[in-house]
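The values are calculated or read from the model by the stated rules, or taken from the named source; none is laboratory data. Just so it is clear, the structure is predicted and the values come from calculations on it, not from any experiment. Cβ placement follows ideal geometry from the backbone for every residue including glycine, while neighbour counts extend to all protein chains displayed.
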Amino acid sequence: MQNIFSEALLATTINLSTPIIIAVFAGLISERSGVINLALEGMMLAGACAAALGSYFTGNPYIGLMASIAIGMLMALAHAYATITWRGDQIISGLALIVASVGGTGFILQLIFKHGGNTPDVTTLPRIIIPFLQNIPVLGVLINKQTILVYFAYLLPVLMYLFLYKTPLGMRIRACGEDPRTADTLGINVYLTRYVAVLISGALAGLSGAYLSIVQLSKFQENMSAGRGWIAIAALILGKWRPWSVFLAALFFGFTDAIQLTMQVVFPDSKLPREIFLSLPYILTILVLAGFVGKAIGPAAGGKPYEKEQL
Amino acid sequence: MHKDMAKSSFSLRDWLETTPIIVPVIAVILAFAFGALFILATGHNPIQAYVLFIRGAFGNTFNLMETITKSIPLTIAGLAFLFAYRCGVFNIGTEGQLLIGAIAAALVGFLIKLPPVIHQIVLILTGAVFGALYAGIAGWLKAYRGVNEILSTLMLNYPAIYLTHFLVVKVFKAPGVVPATPLINKSAELPVIIPDTRLHAGIFIVIGLIFLVDFILRKTVLGYEIRAVGFNPTAAAYSGISIRKNVIIAIMISGALAGIAGSVEVMGLHHRFFDQFSPGYGFDGISVSLVALLNPFATFFSALFFGAMRTGSTEMQIFLEIPRQLMTLYQGIILFFIAGQLIFITFIRKIIRKRKE
């Protein structure tokens, strides 16, 4: 039997956890402001599609990256408009955006390429070579020659911690998620603050989708997000809405996914059906939630629309 | 735990039930209006496309019956989502429960020999039991482990897809190119009721289930308790109603309905289970019941509309090469406007007020 735990497993973990890490922070910032963003899955899917198309038409993957941010923010704007401005149901709006993204990406694919399934190969994000890291064992292999998105993902917990806990805007976002009425009394513009948080959320979710199509693969496939947005939400609950914990939770889900993938290689289909391994991440997510939750309490004002008192 | 449940059931469910019927109607109109832009992008005339759409959905007896046939699983899946939602539980795992129910029914259909009627009843019950048990996992996890049911029901869709795929491709595959189970025995089939169409007796089961769901929810103690928990879990708990029990029962009945949707589809239409059996009927059930504003009777008409979207879009694709995925996009837009209904309701109210002045 081959050794499952190897350098390759760590490399796979990094590769698979990156989109979940970015997505979990997309969920974190929105929920900390009091707006549940169930649409992560849909924003990832749309982001993946936009990134692939951007890269396909310009040959420049960074344009693809911009496109994924743009579509994520556009969907976030719709979510914010319906749920913040018009106090709509955050859960239904989130599901609506997921459905719309499945239909929208399928439609565009069919329209442009005259067939469903996937786009042709597109230019992927370049890998960055850091010279002095090249000779260090293990770490050199893991950290070197990654794309900009991986570095960004692993910096995110630091950035997000500093942003949410050390900057005025970050503190305002958290205040709006815990007690919008008081925040309002203190002169914070609750609507505006929530809009900012949701838009950042959309940008991040779009980016995490881009990782799927222009780093992990070099094309967009229909429904390629395959539940990762939901796994990110599970990681958010598991990490109890705190930057460092959600990061670790996302890493954990990336790790289990990597194990699953490695096992598929170790045990060929003839011995153990691969459907078992394919189901594993989802079953494990449920088991982990079942083992840990009960104590998980999200932001107090999460899910509740805020209505300014009329004088 | 109570706090968590109170929070997750904070939804505008109650508000949905009191929403005027004009809301989904306007949401649909808005979706078709916005969608016209996408049709323009394909280089076609939206009016011409919509004429084809209507012709495809209702234009002749066959198409009309096809629309009704598609509304059968859609109605039952819609009732499934509705039932759990009345208890404040979001069951978005209807797709997985439908698949589990369908394959269980298909297996019982060809493995066991029974006289007609009995065989049919057994198949429906099989679908119900397996759907209920599968949904029960999420119910138990929510009631006893505090696991958010939106996540657990959604996650459980994937193992169901993989499990049924595995069973049909590697275990029960009938000889032939297509990965499908053998045909069920004739005794288990639901007959076609209008010759030369595919409309089958499942439509009577639909009608029965609509009345049954309405009856349970409005006239029984169980239904009263389920609605009480959905309306205000804390108050329900104070008056001695068990939240846990009702959450589990509601989601299991919901799963049973989804499973029946699967078994009826096997018995009436395909007479077997095959790989990628459901074209998203379970997922569509969510939209169906939300557009119906959680009313069991309206669910049927909502399902007819979603059935029409499927048949109508096929016509648009054949004649104008407009990708049928457009309808999924429409569905998203409709849901979006139901969620954010104040966007246009406020506007309408303003107009009415101005008129009065």
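Take residue A:55 and decide whether it is more than 16 Å from the chain's Cα centre (by Cα), surrounded by 24 or more Cβ atoms within 10 Å (Cβ to Cβ) and within 27 Å of residue A:240 (Cα to Cα). Judged against the criteria, residue A:55 is not a match. Scan the range B:113-163 residue by residue and report those that are over 16 Å from residue B:77 (Cβ atoms) and of a type in the set (Val, Ile, Thr). B:117, B:118, B:121, B:122, B:126, B:129, B:137, B:147, B:150, listed by residue number. Kindly establish whether residue B:292 is among the small types (Gly, Ala, Ser), farther than 19 Å from residue B:84 by Cβ and touching a residue at least 12 places away in the same chain (Cβ under 8 Å). Considered against the rule, which asks whether it is among the small types (Gly, Ala, Ser), farther than 19 Å from residue B:84 by Cβ and touching a residue at least 12 places away in the same chain (Cβ under 8 Å), residue B:292 comes out as no.
From the list B:102, B:174, B:201, pick out the single residue that is buried (at least 19 other Cβ atoms within 10 Å of the Cβ) and either more than 11 Å from every other protein chain (Cβ to nearest Cβ) or not polar (S, T, N, Q) (or both).
B:102
Answer yes if at least one residue in the range A:213-222 is buried (at least 24 other Cβ atoms within 10 Å of the Cβ), of a type outside the set (S, T, N, Q) and more than 24 Å from residue B:157 (Cα to Cα), and no otherwise. Yes, that holds for at least one residue.
Pick from B:39, B:29: which is over 23 Å from the mean Cα position of the chain (by Cα) and in a helix (DSSP H, G or I)?
B:39
Within the range B:260-295, which residues are within 11 Å of the chain's Cα centre (by Cα) and surrounded by fewer than 21 Cβ atoms within 10 Å (Cβ to Cβ)? Of everything in the range B:260-295, just one residue is within 11 Å of the chain's Cα centre (by Cα) and surrounded by fewer than 21 Cβ atoms within 10 Å (Cβ to Cβ), namely B:280.
Per-residue answers, yes or no, for (1) facing chain B (nearest Cβ under 9 Å); (2) touching a residue at least 12 places away in the same chain (Cβ under 8 Å); (3) surrounded by fewer than 21 Cβ atoms within 10 Å (Cβ to Cβ):
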position	(1), (2), (3)
A:61	no, yes, no
A:71	no, yes, no
A:76	no, yes, no
A:88	yes, yes, no
A:94	yes, yes, no
A:98	yes, yes, no
A:113	no, no, yes
A:117	no, yes, yes
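Just one of the listed residues (A:278, A:284, A:272, A:204) is more than 14 Å from chain B (Cβ to nearest Cβ) and either at pLDDT 95 or above or surrounded by fewer than 22 Cβ atoms within 10 Å (Cβ to Cβ) (or both), namely A:204.
Residues that are farther than 30 Å from residue A:123 by Cα, more than 11 Å from the chain's Cα centre (by Cα) and among the hydrophobic types (A, V, I, L, M, F, W, C): does the range A:217-228 have at least one? Scanning the range A:217-228, I find no residue that is farther than 30 Å from residue A:123 by Cα, more than 11 Å from the chain's Cα centre (by Cα) and among the hydrophobic types (A, V, I, L, M, F, W, C), so the answer is no.
Here residue A:179 clears all of (1) touching a Gly at 6+ places or on another chain (Cβ under 7 Å); (2) at pLDDT 90 or above; (3) over 23 Å from residue A:249 (Cα atoms) except the condition numbered (1).
Find the residue count for the range A:1-59, including only residues that are in a loop (DSSP other than H, G, I, E, B), modelled with pLDDT of 95 or more and hydroxyl-bearing (Ser, Thr, Tyr). Looking only at that region, the number is 1.
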